[in-house]
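Report on the following structure.
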Amino acid sequence: MGSRTPLYATHLAAGAKMVDFGGWDMPVHYGSQIEEHHAVRRDAGMFDVSHMCVVDLGGERVREFLLALLANDVAKLRTRGKALYSCMLNETGGVIDDLIVYYLDEGLFRLVVNAGTRDKDIAWIRARAAAHAVTVEPRHDLAMIAVQGPEARQKAARAAGPEAGAALELTPFTGGQFGRCFIARTGYTGEDGWEIVTPASEVTDLWSALVDADVRPCGLGARDTLRLEAGMNLYGNDMDESVTPLESALGWTVAFVPEDRDFVGRAALEQQQRDGLTRKLVGLLLEDRGVLRSHQKVIVPGLGEGELTSGTFSPTLERSIGLARIPMAAGDRLEVEIRGKRLPARVVKPPFVRNGQACISL
């Protein structure tokens, strides 16, 4: 038996198929993964993401600490509630985790880290926080629901309490406290929406209110096809401690300016730049019948091999798509080995789908 979110019994009562995900018992679907996927693209769906961990960092030197801890630059965060996506690296430039950091106050920042890495993340952060007199508080008293889709914010505003209507004014990648809920205009689907952090004791009532507002419960299956259509990396598949952001299509999350900011992993990334990258992460569109899956072999004629890191059948495009790490010099045509056959695939630039619309030519 894995760890359980406060909504575990609610998922069972709704007929969810439960699976292990990063040591947590989580719903993979409630009947039809495809219908759940389309609900998010066309209307509004919601996900229990309470397995992710909210961590509050406090202290007079917390900004200074985060400037050294994260590859992206928290100096960009000057407006309260503003959020930043970043990787947290080890000394060799490998990705310990990808996360979102929120600026709440000059002495208080909030991180949201991944479920499967939460324990090692907290240990890593605590080991470095003491030198900056920074407190590290995992918020086990909180739960989180992601409400995503073109109608998500309007429907969630009716369900999340009288103060939530004001959150409709949030711009993308900002958040704030609205009544009992911390609401952020962020997500992992390529659609507009909110991620709502609420007291764990109240999350079941919020989930029920969202159901009453005609927001469809969705499981991890739809969350994966949605994030892959949106070209978003999944930790443990597309990146981990063995690869750097530069070879994971996340170079845009690394702030090398200002040049005197010495964050963990910077020296390794600069050395990698000097040596020249040998691998890159790209989007793939299969041009034959079949389904791309992680760990399938990618053949690049004349250059060697690569590997699918993520793959799925895209319900929106009705084509097979994936992310693959391949030799840096590879062009836009290659082959994928599927069940002993080599099938042609085309390199494309993610996202595949954003805001319900195809972003690539088919």
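Data overview
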read-out	value
Set 221, 236: member being out of contact with any strand residue (DSSP E or B) (no Cβ under 8 Å at 6 or more places or on another chain) and under 29 Å from residue 44 (Cα atoms)	236
Complete set of residues in segment 26-75 that are of a type in the set (Asp, Glu) and either modelled with pLDDT under 95 or within 21 Å of the chain's Cα centre (by Cα) (or both)	36, 43, 48, 56, 73
Residue, surrounded by the most Cβ atoms within 10 Å (Cβ to Cβ), within segment 138-170, restricted to residues that are part of a loop (DSSP other than H, G, I, E, B), over 18 Å from the mean Cα position of the chain (by Cα) and not basic (Lys, Arg)	160
Filter result for the condition that a residue is assigned to a loop (DSSP other than H, G, I, E, B) and under 27 Å from residue 63 (Cα atoms), over 260, 288	260
Flag for residue 311 being at positive phi, touching a Ser or Thr at 6+ places or on another chain (Cβ under 7 Å) and of a type outside the set (A, V, I, L, M)	no
Test result for residue 323, of a type in the set (A, V, I, L, M) and under 18 Å from the mean Cα position of the chain (by Cα)	yes
Residue ID - nearest to the chain's Cα centre (by Cα), chosen from residues in segment 266-301 that are among the small types (Gly, Ala, Ser) and more than 18 Å from residue 229 (Cβ to Cβ)	268
Residues satisfying the stated conditions in segment 195-233, i.e. outside any helix (DSSP H, G or I) and under 25 Å from residue 310 (Cβ atoms)	195, 216, 217, 218, 219, 230, 231, 232, 233
Test: residue in segment 352-362 that is free of Cβ contacts under 8 Å to residues at least 24 places away in the same chain, surrounded by fewer than 17 Cβ atoms within 10 Å (Cβ to Cβ) and not basic (Lys, Arg)	yes
Close pairs from segment 272-290: first in the same structural domain as residue 304 (by TED's automatic domain parsing) and among the basic types (Lys, Arg), partner assigned to a loop (DSSP other than H, G, I, E, B) and at pLDDT 95 or above, Cβ under 9 Å, at least 6 apart	279/243; 279/328; 280/248; 280/249; 280/328; 280/330
Looking only at segment 303-318, and only at residues there that are buried (at least 19 other Cβ atoms within 10 Å of the Cβ) and among the small types (Gly, Ala, Ser), the one that is farthest from residue 359 (Cα to Cα)	306
Some residue of segment 203-217 being of a type in the set (Gly, Ala, Ser) and in contact with a helix residue (DSSP H, G or I) (Cβ under 6 Å, 6 or more places away or on another chain)	yes
Residues satisfying the stated conditions in segment 28-54, i.e. in contact with a Pro (Cβ under 6 Å, 6 or more places away or on another chain), surrounded by fewer than 21 Cβ atoms within 10 Å (Cβ to Cβ) and either among the hydroxyl-bearing types (Ser, Thr, Tyr) or under 24 Å from residue 99 (Cα atoms) (or both)	30
Check on residue 3, under 25 Å from residue 99 (Cβ atoms), crowded, with 18+ Cβ neighbours inside 10 Å and either of a type in the set (Ser, Thr, Tyr) or outside the structural domain of residue 189 (by TED's automatic domain parsing) (or both)	no
Selected residue (criterion: farthest from the chain's Cα centre (by Cα)) from residues of segment 215-253 that are buried (at least 21 other Cβ atoms within 10 Å of the Cβ) and among the polar types (S, T, N, Q)	244
Residue list for segment 341-362, filter: in contact with a strand residue (DSSP E or B) (Cβ under 8 Å, 6 or more places away or on another chain), in a strand (DSSP E or B) and farther than 16 Å from residue 292 by Cα	353
Set 321, 338: member being crowded, with 17+ Cβ neighbours inside 10 Å, within 24 Å of residue 221 (Cα to Cα), out of contact with any strand residue (DSSP E or B) (no Cβ under 7 Å at 6 or more places or on another chain) and outside the structural domain of residue 225 (by TED's automatic domain parsing)	338
Segment 14-25 - residue that is assigned to a strand (DSSP E or B) and touching a residue at least 40 places away in the same chain (Cβ under 8 Å) and, of those, nearest to residue 200 (Cα to Cα)	24
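One line per residue, one yes/no per condition, for (1) free of Cβ contacts under 8 Å to residues at least 12 places away in the same chain; (2) under 22 Å from residue 132 (Cα atoms):
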{"site": "6", "(1), (2)": "no, no"}
{"site": "12", "(1), (2)": "yes, no"}
{"site": "27", "(1), (2)": "no, no"}
{"site": "38", "(1), (2)": "no, no"}
{"site": "54", "(1), (2)": "no, yes"}
{"site": "57", "(1), (2)": "no, yes"}
{"site": "62", "(1), (2)": "no, yes"}
{"site": "75", "(1), (2)": "no, yes"}
{"site": "90", "(1), (2)": "no, yes"}
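The values are calculated or read from the model by the stated rules, or taken from the named source; none is laboratory data. Treat the numbers as computed from the prediction; the structure is a model and nothing was measured. Because the Cβ atoms are built from the backbone with ideal geometry, glycine has one as well, and the counts that use them run over all protein chains shown.
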